[in-house]
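Trainee: Sharing a structure, written as structure tokens. Questions coming.
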Amino acid sequence: MFGRNNSTELHTWVEARLSDYLDQQLPANDHARLEQHLGECAQCRASLEALRWTIALVKQAPVPAARKSFTLPVPAPRSSPSFGFAFARLATAMATLALVATIGIDVITRLGAGAPAPLMAPAAQKRTEPTQAIALAPIPASQPTEAPRMGIASKSASPAVPPASALSATLPAPTKAPAPLPPSAEVSSTQSADTAKAQTQPARAPVAGSGTITPTMVAPTATIAPTQTATPLPTATPAPTTIAQVQQRESVSASPVTYSAPSVSPLRLIEIGLFFAVIFFGTLMLLWRRR
Amino acid sequence: MDEQALIHAAQQGDVAAFNQIVRAYQAQVYRTAYRVLGDQAAAEDATQEAFISAFKHIRAYRGGSFKAWLLRIVTNACYDQLRAKQRRPTASLEAILLDADNPAPGVDRAAPESPQDFVERQELGATIQRGLGTLPPDQRMTLILVDIEGLSYDEVAQAMQTNLGTVKSRLSRARLALRDFLVQQVELVPARYRLKSEPF
């Protein structure tokens, strides 16, 4: 591998393998060749001895002991949550779930109705009754009671179309409407009787009217019916008084003075109550946990 | 409880079981850190960080030599300390080590050892430490793990995340460089520790 004259390269080759030689890590052929060279070269033997001495010195060097232990602090066992905290946590969870469910029901109900439900519509509708009752009494006899009534009735009804929820709230009223009408009103005109029937039976309304009346449009007039029973009409009235006439007068002369008291739906009240319950129990839980 | 059971318990979060492992290895870990860093405070910091890191990542241990796995963490902690030391150099504790009246804390004086022997041993330790300080960190760590801590080449390769050939070459260069340093600074080596034969 190395020529006899190239001793420097040989020494370098041996030097690089002395460490592996000491640790018995050399391949067999390299090991044999290195031992052969060590037997012939005093310089490489001295180099090997110095390397052995170095390793021995390193192992003899004093090692300072650590001044402290390196064990980790053992965490204290966690105490189980108290009854109050567990109750507050459970109450918060239940109230939150109930709030979410209530809001969900509210949203589904509104979507099902097709339009946002006005909170005060039923109340406002009922509060207009006294005004309409006043308008019922003095009706001039010369006023036409034929076809124009229906036209006016349909016109007056159209701007005040209530939403479905308002309609449902006022539906029971028309069933009692025909009973208190004075007999004179029923006898005088068959057409006015038809109109009254159409108003009391919403399903037949399109047949009786001009074809544009819908059950929704009939609803407002039906709510007036109880007022007619409460207000005794004078028998001397020459012309029959119908609900259409009432609405005609209402649209021409009397402007209904409506007042509304703030009323909130029960569902909304439940939502507000649950919201405050969540806040209350959540705060209680946090306070308990901090303590 | 054997080591594997303690490791398994520590992997489940048992700090008490991990502390038993710490007690078994802390002397070796600290010794290695001290030899690499040459400073007690830095070695203590590195040791503590290594054990904390080991506990945090003990789930990553998948078997094999636990000592090698632990020393790999120690190696990284020592490298972190060396980088920090380069950024903010501190005073050496070498003077304290050489002072016979104020030996390094924790260095136990052997019972039969005379005060002179004790001083000479301290001088030897200081010289070795100075020689180790002249080596590149990779070579220094390899030499410490093999010649002082007695790890096998395979364990060193695992601890230093390298291959066997690299370990051999680093160790060879480190030994030769330290030998050259000690031969050149032989007057710093106490007389009874000097090489009897003529240097090459």
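The values are calculated or read from the model by the stated rules, or taken from the named source; none is laboratory data. Remember, it's a predicted structure, so these values are computed and weren't measured experimentally. Backbone-built Cβ (ideal geometry, glycine too); neighbour counts: all protein chains shown. For the accessible areas, the whole protein counts, side chains as well, though only heavy atoms, and no ligand, DNA or RNA atoms are used. Shrake-Rupley method; radii C 1.70, N 1.55, O 1.52, S 1.80 Å.
Trainee: Would you check which residues across segment B:1-23 are farther than 18 Å from B:ARG62 by Cα and free of Cβ contacts under 8 Å to residues at least 40 places away in the same chain and list them? Before you say what the answer is, go through the steps one by one.
Mentor: Step one: list which residues in segment B:1-23 are farther than 18 Å from B:ARG62 by Cα, which gives B:1, B:15-16, B:19-20, B:22-23.
Of everything in segment B:1-23, those that are farther than 18 Å from B:ARG62 by Cα and free of Cβ contacts under 8 Å to residues at least 40 places away in the same chain turn out to be B:MET1, B:ALA16, B:ASN19, B:GLN20, B:VAL22, B:ARG23.
Trainee: Moving to a separate point now. Among (1) open to solvent by 60 Å² or more (accessible area, probe 1.4 Å); (2) under 18 Å from B:LEU145 (Cα atoms); (3) within 14 Å of chain A (Cβ to nearest Cβ), there is one condition B:GLN26 misses while meeting the rest; what is its number?
Mentor: It fails just one condition, (1).
Trainee: Can you pull out every residue in segment B:107-129 that is at the interface with chain A (Cβ under 7 Å from one of its Cβ atoms) and modelled with pLDDT of 90 or more? If you could, list the steps in order and put the result at the bottom.
Mentor: Here is the first cut: in segment B:107-129, the residues at the interface with chain A (Cβ under 7 Å from one of its Cβ atoms) are B:107-108, B:121-122, B:124-125, B:128.
Listed by number, the residues that qualify are B:LEU124, B:GLY125, B:ILE128.
Trainee: Can you tell me which residue is nearest to the chain's Cα centre (by Cα) among those in segment B:155-193 that are away from every other protein chain (no Cβ under 11 Å) and not in a helix (DSSP H, G or I)?
Mentor: Step by step, filter segment B:155-193, then rank; the result is B:MET160.
Trainee: Can you pull out the residues in segment B:136-153 that are without any contact (Cβ under 8 Å) to a residue 60 or more places away in the chain and open to solvent by 10 Å² or more (accessible area, probe 1.4 Å)? Break it down stepwise before answering.
Mentor: Pass one, segment B:136-153, residues without any contact (Cβ under 8 Å) to a residue 60 or more places away in the chain: B:136, B:138-139, B:142-143, B:146-147, B:150, B:152-153.
Once the filter is applied, which keeps residues that are without any contact (Cβ under 8 Å) to a residue 60 or more places away in the chain and open to solvent by 10 Å² or more (accessible area, probe 1.4 Å), segment B:136-153 yields B:PRO136, B:ASP138, B:GLN139, B:VAL146, B:GLY150, B:SER152, B:TYR153.
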